[in-house]
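Q: My questions all concern the structure below.
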Amino acid sequence: MEQSKLRTRDEVEQKYKWAIEDLYCDDIKWQEDYNKLQGMMQGFTEFEGKLSESADRLLEYLQFSDEVNKILEKVYVYANQKLHEDLGNTFYQGLTAKASDLSVNISSLTAFAEPEILSMAEDKIRDFLQSNNGISVYEKYLLDLLRQKKHVLDSKTEKLLAKTHNISAASSDIFSMFNNVDVTFPELEDEDGNILELTHGRYVKFLESTNVKVRKSAFEAMYHEYNKFKNTLAAAFYANVKQANFYAEVRGYSSSRAAALDGGNIPEQVYDNLIETVNNRIELMHRYVSLRKKALGIEELHMYDLYTPMVNDVKIKVSFEKAKEMVIEGLKPMGASYLSVLQEGFDNGWIDVYENQGKRSGAYSWGANGTHPFVLLNYQDNLNNVFTLAHEMGHALHSYYSDAAQPYVYAGYRIFVAEVASTCNESLLIHHMIDKAQDKKGKAYLINTFLEHFKGTLYRQTMFAEFEKEVHQLAAAGEALTPDNLCEIYYKLNVKYYGDDMIIDRDIEMEWSRIPHFYTPFYVYQYATGFSAAIALSKRIMEYGEPAVDDYMKFLSGGNSKDPIDMLKVAGVDMSSPEPIEEALNVFKELLDEMEALLELN
C-alpha cells in the first residue's frame with residue numbers, strides 16, 4: 001500500500017537523490033565562491049568607458065565577464081536546487097535570495113557594457129573582429145547585439161532596469177511559493193481503496209484511474225482549492241503580464257511577444273503559423289475526443305476523462321530501475337556514444353528521482369557550465385513517467401554536448417530549441433515500443449500513449465499559446481485581467497479545442513492559474529514547435545540511421561552558435577515554414593486511423 005503522507009527528504013534513499021555535492025561539496029564551499037564573486041564583480045568598474053579603446057580591451061572585458069558568470073551560474077544553481085529539494089527550507093530560501101541579489105548586482109554593474117559597445121561605430125566593431133587577438137570567438141554575440149541595437153537603451157537606463165529584475169520576478173516567486181508550499185489538497189480514496197493525499201505529483205495518477213469517481217473527485221478537489229484563491233492568483237498573473245509588457249514597451253518592441261521572441265531571432269510568424277496550422281486541423285482533435293468517448297464507452301466525456309487510458313485493461317506499472325532499461329533500449333538508434341553518456345547520467349547522481357515533502361513539483365533539467373546536468377523528477381511508477389525520464393535526459397544530454405563543444409558564450413542553447421532533444425527522445429522511445437508490441441491490446445495502449453503526447457503537447461500547448469497571446473494583448477490595450485475574464489477566455493478556448501463531444505466542465509476555467517510556465521511569457525508555444533521538429537527529426541533518424549544521427553549530433557553540440565532556426569536546419573528541419581507542424585499532424589492522423597482499426601470502432 002502506498003504511503004498516505006509524502007516522505008520527508010531525509011527518508012528518501014541516497015541513491016535516488018542527485019549528487020548536488022558535484023556542484024559544491026558543502027555550503028562552506030558555496031560561500032567561498034559567493035564571497036569571491038563579491039570581490040570580483042567590482043572589477044567591472046575598471047572597464048566602464050574603456051571598451052572602445054582597442055580589440056584587446058574589449059576581449060579582456062568579455063573574457064572577464066564569462067569568468068564571473070560561470071561562477072555565478074554555479075552559485076545560483078546550487079542555491080536554487082538545494083531549495084527545490086524542500087521549498088520550505090528557510091536556510092536555502094536565504095541562500096537563494098542571496099544568489100538572486102548577487103545576480104542582480106552583477107547585472108547592474110555590467111549594464112554599461114552593451115550600450116557602450118553599441119555606441120561604437122559598426123565598422124569599428126567589425127574591424128575589431130578582424131583583429132588576430134582571439135575576439136573572433138565572440139563574433140556571433142557581437143553581431144546579435146548589433147541586430148538588437150535599437151532595443152538596447154543608454155547605460156544609465158540599463159543600470160536602472162537591471163536593478164528592477166528582483167521586483168519584476170516577485171509575481172513568479174509569489175506563485176511558486178503558493179503553488180509548491182502553501183496550497184494543500186485533501187486526502188482522497190484511490191481505486192484500490194487507499195487513502196492518499198492529493199499532490200501535484202499524484203494528480204495525473206488519479207486522473208488516469210479507471211474509476212470515474214476517483215477521476216472526478218481529484219479534478220474537483222484540485223480546482224476547488226485554486227478557485228478559493230482566484231483573486232490572488234489573478235493578481236499575481238496580471239502582475240507578471242504587466243511586467244512583460246512594461247519591459248517590451250520601454251525597449252521599443254511592438255509587444256511582449258515580439259520582445260520574448262527577439263532574443264532568439266524567431267519571427268513572430270512562426271508563432272502565428274503554429275496557431276493557424278493547428279486551428280486549421282482542429283477537426284483531428286475533435287476526432288480524437290470522439291474516439292476517446294467511444295473507446296471508454298461512456299455517454300458523457302468530461303474534462304477529467306482525458307487522462308485515463310482508452311485501453312483500460314492493460315496495466316503497466318514501471319519501477320524507476322525498469323524505466324532506465326526501457327529508455328536505454330528505445331534510444332539505441334542514437335548510437336553507442338550517446339548511450340554511453342546516458343548511462344553515465346543514470347549511474348552517477350544526475351537525477352533526483354522521487355517526490356518528497358516540500359520538493360518542487362514537475363520535472364526539469366538544469367545545471368551549471370563545467371559540471372554535469374541535474375534532472376529533477378517526481379517519479380511515479382507509470383508509463384508517462386518513463387517518457388518524462390526520456391524527455392528530461394534529452395534536455396540533459398543536449399546541455400552536456402553543447403557545454404562540451406562550445407565556448408561559454410554559446411554553450412547555453414535558446415529556449416526555442418530546448419524541447420527538441422527531449423521530445424525526440426520520447427518519439428524514438430515510443431516508436432520502438434509500438435514496433436516491439438506483441439499483442440493487439442498492448443499496441444493499442446502504446447498508440448494511446450502517443451496520441452496523448454500529441455494531445456498534450458501539440459494541441460494543448462498551442463491552446464496555451466493562444467491564451468497567452470490573447471491575454472497579453474488585452475493587458476497591452478489597457479484592459480485589466482480579472483479572474484472573470486481570464487476564466488472566460490480560457491473556458492472558450494477549451495470549447496474550441498475539444499469540440500462538441502466533450503463536456504467542458506466549468507472547473508477547467510481555473511486551469512490557467514496553475515500553469516507555472518505562464519510566468520515565463522511566451523515559453524509554452526515552443527513545446528509545440530519543438531514537438532513538431534522532434535517528430536520530423538526522429539523520423540529521419542529511424543529512416544536514415546547514422547547520417548541523420550550525425551546531423552542531429554551537430555545540432556546537439558551547437559548550443560547557441562547559430563540562431564535556433566538555422567541550428568535546426570543543420571539537423572534537417574525548417575521551422576520557418578508550417579511544414580513540420582503539418583507533418584506532425586499527419587502522423588497524428590495516421591495514429592488515429594490505426595487506433596480506430598485496432599479498437600474496431602469504425
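We did not get these values from a lab; they are worked out from the coordinates using the rules stated. Keep in mind that this is a model prediction, so the values were computed, not measured. Note that we place each Cβ from the backbone using ideal geometry, even for glycine, and neighbour counts take in every protein chain shown.
Q: Mind ordering 319-329, 126-136, 569-579 by average Cβ neighbours within 10 Å, highest first? Can you show the working numbers first?
A: On the way: 319-329: 16.0, 126-136: 14.3, 569-579: 18.1.
Ranked from most to least packed, the peptides come out as 569-579, 319-329, 126-136.
Q: So how much slack lies between N231 and L598, counting 0.36 nm per residue of separation and subtracting their Cα-Cα distance, in nm?
A: Values: separation 367, 0.36 × 367 = 132.12 nm, distance 4.68 nm.
Length gained between N231 and L598: 127.4 nm.
Q: Cα-based Rg of the chain per 2.2 N^0.38 Å, rounded to two decimals?
A: Details: Rg = 24.4 Å, N = 602, 2.2 N^0.38 = 25.0 Å.
The value comes to 0.97.
Q: Note down the nm distance, to one decimal, between modelled labels 7 Å out along Cα→Cβ at K5 and at H517.
A: Distance between the two pseudo-spin positions: 3.5 nm.
Q: Taking the Cα of K156, stepping 7 Å toward and past its beta carbon, and measuring to each backbone N in the range 36-51: which are under 17 Å?
A: Under 17 Å, as judged by backbone N against the label point of K156, lie 49 of the range 36-51.
Q: So what's the gap between the Cα centers of the range 222-270 and the range 514-549, to the nearest angstrom?
A: Cα centroid of the range 222-270 versus Cα centroid of the range 514-549: 22 Å apart.
Q: At D435 and V183, where each label point lies 7 Å from the Cα along Cα→Cβ, what is the point-to-point distance in nanometres?
A: Going from the D435 label point to the V183 one covers 4.1 nm.
Q: Under 20 Å from a point 7 Å along the Cα-to-Cβ line of E122: which residues of the range 213-253 have their amide N that close?
A: Within reach of a label on E122, which here means backbone N under 20 Å from a point 7 Å along Cα→Cβ, the range 213-253 contributes 252-253.
Q: Continuing with this model, one more query. Below 8 Å between Cα atoms, with a sequence gap of 6+, how large is the relative contact order for the range 11-168 in percent? Don't jump to the answer; show the numbers that get you there.
A: Working: 120 pairs, mean separation 41.9, N = 158.
It rounds to 26 percent for the range 11-168.
Q: Using 0.36 nm per residue of separation minus the Cα-Cα distance, give me the extension gain between D381 and L339 in nm, one decimal.
A: Numbers: separation 42, 0.36 × 42 = 15.12 nm, distance 2.30 nm.
Going from the current span to full extension adds 12.8 nm.
Q: Rounded to the nearest 0.05, what FRET efficiency do E53 and T164 have when you use their Cβ-Cβ distance and R0 = 35 Å?
A: Values: r = 30 Å, r/R0 = 0.87.
Approximately 0.70, to the nearest 0.05.
Q: Taking 51 Å as R0, compute the FRET efficiency from the Cβ-Cβ separation of Q38 and K315 and round it to 0.05. Walk me through the numbers before you get to the answer.
A: Details: r = 56 Å, r/R0 = 1.09.
Once the sixth-power term is evaluated, E becomes 0.35.
Q: Can you give the FRET efficiency for V495 and E470, using 1/(1 + (r/R0)^6), R0 = 22 Å, r = Cβ-Cβ distance, to the nearest 0.05? It would help to have the intermediate numbers written out before the result.
A: On the way: r = 14 Å, r/R0 = 0.64.
Efficiency for this residue pair is about 0.95.
Q: Report the full-extension gain for the segment Q130 to L143: residue separation times 0.36 nm, less the Cα-Cα distance, to one decimal in nm.
A: Taking 0.36 nm per residue and subtracting the Cα distance, the gain is 3.4 nm.
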